[in-house]
């Protein structure tokens, strides 16, 4: 499961690709390593326009996963969109896109270690987006914080393409590479939008880096 990604492009590039008209992120620096529960930029539908804003990575966990636990750090990747837990957030008011330039999975080495391996559309790490969902939720993410209300997000996963499957055979993020795909995810009825939950073509991604908890081109 993808639990680490990078955003090396600035907010003007994000706004151009996603056609976001409103930007509440302030001065957004490059984020070479985004981990679960970090704040990261998303683009969502807000009051009739697209808004670039910040949210914490990790949607609310299903109730069964929280039994006996005092905190909910969140779910970062969503696969089973037929689950009632996730279905409530598939309307356009809860869909978002998550900008990225590269993402990582873990590569299993002969000695048993599992360092990150980074994937991108090419060596220049062009901007693309994960297909995501978001919600505003009150919960205890960390004991030291206590109960807080946050905008949360996660992105969809699907079967891996060949290049990702060599290293991680279970899943890869759902990736949108064009403004038209982003428009479909953000605006189309759920059955049409969910048709985008598919792997990229086998030659669409390459390995750009082995190792490291951040990716800076």
Hey, residue 27 hits all of (1) over 18 Å from the mean Cα position of the chain (by Cα); (2) assigned to a helix (DSSP H, G or I); (3) farther than 23 Å from residue 149 by Cβ but one; which does it fall short on? (2)
Scanning the stretch 162-181 for residues that are in contact with a strand residue (DSSP E or B) (Cβ under 9 Å, 6 or more places away or on another chain) and closer than 20 Å to residue 76 by Cα gives 164, 165, 167, 168, 170, 171, 172, 173, 174, 175, 176
Specify the residue that is farthest from residue 100 (Cα to Cα); the eligible residues are those in the stretch 45-56 that are touching a strand residue (DSSP E or B) at 6+ places or on another chain (Cβ under 6 Å) and touching a residue at least 60 places away in the same chain (Cβ under 8 Å). 50
Residues of the stretch 2-44 that turn out to be on the phi > 0 side of the Ramachandran plot and in contact (Cβ under 8 Å) with a residue 60 or more places away in the chain, as a count: 2
How about the stretch 185-204: which of its residues are more than 10 Å from residue 131 (Cα to Cα), surrounded by fewer than 17 Cβ atoms within 10 Å (Cβ to Cβ) and under 17 Å from the mean Cα position of the chain (by Cα)? 198
It is to be established whether one or more residues within the stretch 69-78 are over 25 Å from residue 178 (Cα atoms), without any contact (Cβ under 8 Å) to a residue 24 or more places away in the chain and not in a strand (DSSP E or B). yes
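So if I check each of 193, 204, which one is more than 24 Å from residue 108 (Cα to Cα) and either in a loop (DSSP other than H, G, I, E, B) or modelled with pLDDT of 95 or more (or both)? I'd like the intermediate steps shown before the answer.
Numbers: 204 fails: more than 24 Å from residue 108 (Cα to Cα).
None of the other options fit; the residue is 193.
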Just name the residue that is farthest from residue 93 (Cα to Cα) out of those in the stretch 23-35 that are surrounded by fewer than 16 Cβ atoms within 10 Å (Cβ to Cβ) and in contact with a strand residue (DSSP E or B) (Cβ under 8 Å, 6 or more places away or on another chain). 30
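The values are calculated or read from the model by the stated rules, or taken from the named source; none is laboratory data. The model shown is predicted, which means the values in this text are computed figures rather than measured ones. Virtual Cβ from ideal backbone geometry, glycine too; neighbours counted across all protein chains shown.
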